[in-house]
1. In region 1-37, what count of residues is obtained for those that are basic (K, R) and modelled with pLDDT under 95?
2. Could you go through region 52-62 and let me know if any residue there is farther than 18 Å from R145 by Cα, at pLDDT 95 or above, assigned to a strand (DSSP E or B) and touching a helix residue (DSSP H, G or I) at 6+ places or on another chain (Cβ under 9 Å).
3. Those residues that are assigned to a helix (DSSP H, G or I) and either open to solvent by less than 30 Å² (accessible area, probe 1.4 Å) or without any contact (Cβ under 8 Å) to a residue 24 or more places away in the chain (or both), I need them from region 1-30; list them, please.
4. Residue under question is S130, and the condition is that it be under 25 Å from S214 (Cβ atoms) and open to solvent by 20 Å² or more (accessible area, probe 1.4 Å); does it hold?
5. Mind checking which residues of region 157-212 are among the aromatic types (F, W, Y) and either within 21 Å of H52 (Cβ to Cβ) or in contact with a strand residue (DSSP E or B) (Cβ under 6 Å, 6 or more places away or on another chain) (or both)?
6. Would it be correct to say that D40 is in contact with a helix residue (DSSP H, G or I) (Cβ under 7 Å, 6 or more places away or on another chain), in contact (Cβ under 8 Å) with a residue 12 or more places away in the chain and either open to solvent by 40 Å² or more (accessible area, probe 1.4 Å) or not aliphatic (A, V, I, L, M) (or both)?
7. Residue check: is K86 open to solvent by 20 Å² or more (accessible area, probe 1.4 Å), assigned to a helix (DSSP H, G or I) and under 25 Å from E159 (Cβ atoms)?
8. Take the residues in region 247-256 that are open to solvent by less than 50 Å² (accessible area, probe 1.4 Å) and under 17 Å from the mean Cα position of the chain (by Cα); name whichever of them is farthest from F92 (Cα to Cα).
Amino acid sequence: MIKLSADWQFNVLGVSNYLSNSHPLRFYFNFIKEQSHKFDGDIVESGVFQGHSLIATAQILKSINSTKTVYGYDTFCGFPPVYNLKDDPKYFHDLFKDEQITSKHLSDVTTNLRWRELLSESTLNASTISSSGNFSATSRSCIERKLSILGLDNVVLVEGSFKDTMAASQHSGPSNVCAALVDCDLYDSHIATFEFLWPKLEPNALIYLDEYYSLKFPGARAATNEFLATISSSDSELVQFPTPPSEFERWGLIRK
């Protein structure tokens, strides 16, 4: 394996800098580095895009001499053509009315949308609000080239819609999961991911919720809260990681 150590190396290859103490995913990466050896099971990433965090996780596992595998689920061609109504940015107002987000969260959402619409000179929706658009600027072959360059053999890419691949993987994918990164943005993708992951999670395993505090995708919080309402509160804990006021909130879900 080629070890990355400088910012420019991570940037050139499009890999998250898991050595950084300020990276948005530092809590997730630290869990992999410091806790994953305590659990049976592999690691799942739901929503891979260009493989930034997926490859970083694979590198971490190699650096700690772990034999765990990272399973990356994605269409590798962008968002699906059909969206749930809860993916519309306007649904943030419904979340606020239901007291699922704060007034500050809604204010930040409104400002973000207004600025992005002014910059793009168009009305944005779920498929256009992200700076990455509908996430079609990726390919499985590109990620496989990165893995080859870095000499990583501990990744399994699972291509297709989540509702199909995760249903099939209940029997053919990882039998146990010790950690997962959920970064699939949309409502239906979150629901499929939770239903797939929950029976496989080891006790005290972590699901890192990358979009729970989102200014773009309300379906992520809606789906998470709806799923939590279907399971016993004694089986789960929604945790907020400590971050400075200038940074987005970071959240995770622990399987008790």
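1. Residues flagged as basic (K, R) and modelled with pLDDT under 95 within region 1-37 amount to 1.
2. No, because not a single residue in region 52-62 is farther than 18 Å from R145 by Cα, at pLDDT 95 or above, assigned to a strand (DSSP E or B) and touching a helix residue (DSSP H, G or I) at 6+ places or on another chain (Cβ under 9 Å).
3. Here is the first cut: in region 1-30, the ones assigned to a helix (DSSP H, G or I) are 7-13, 26-30.
Residues satisfying the conditions are D7, W8, Q9, F10, N11, V12, R26, Y28, F29, N30.
4. Working: under 25 Å from S214 (Cβ atoms): yes; open to solvent by 20 Å² or more (accessible area, probe 1.4 Å): no.
When the stated conditions are applied, S130 does not pass them.
5. F162, Y208, Y212
6. No, not satisfied.
7. Numbers: open to solvent by 20 Å² or more (accessible area, probe 1.4 Å): yes; assigned to a helix (DSSP H, G or I): yes; under 25 Å from E159 (Cβ atoms): no.
Criteria not met by K86.
8. First, the residues of region 247-256 that are open to solvent by less than 50 Å² (accessible area, probe 1.4 Å): 247, 250-254.
Filter once more, keeping what is under 17 Å from the mean Cα position of the chain (by Cα): 250-254.
Working: R250: 18, W251: 18, G252: 20, L253: 21, I254: 25 Å.
Ranking the qualifying residues of region 247-256, first place goes to I254.
The values are calculated or read from the model by the stated rules, or taken from the named source; none is laboratory data. Quick caveat: nothing in here was measured; it's all calculated off a predicted structure. All Cβ positions, even for glycine, are placed from backbone atoms using ideal geometry, and neighbour counts span all protein chains on display. The accessibility values were calculated without ligands, DNA or RNA, using every heavy atom of the protein model including side chains. Shrake-Rupley method; radii C 1.70, N 1.55, O 1.52, S 1.80 Å.
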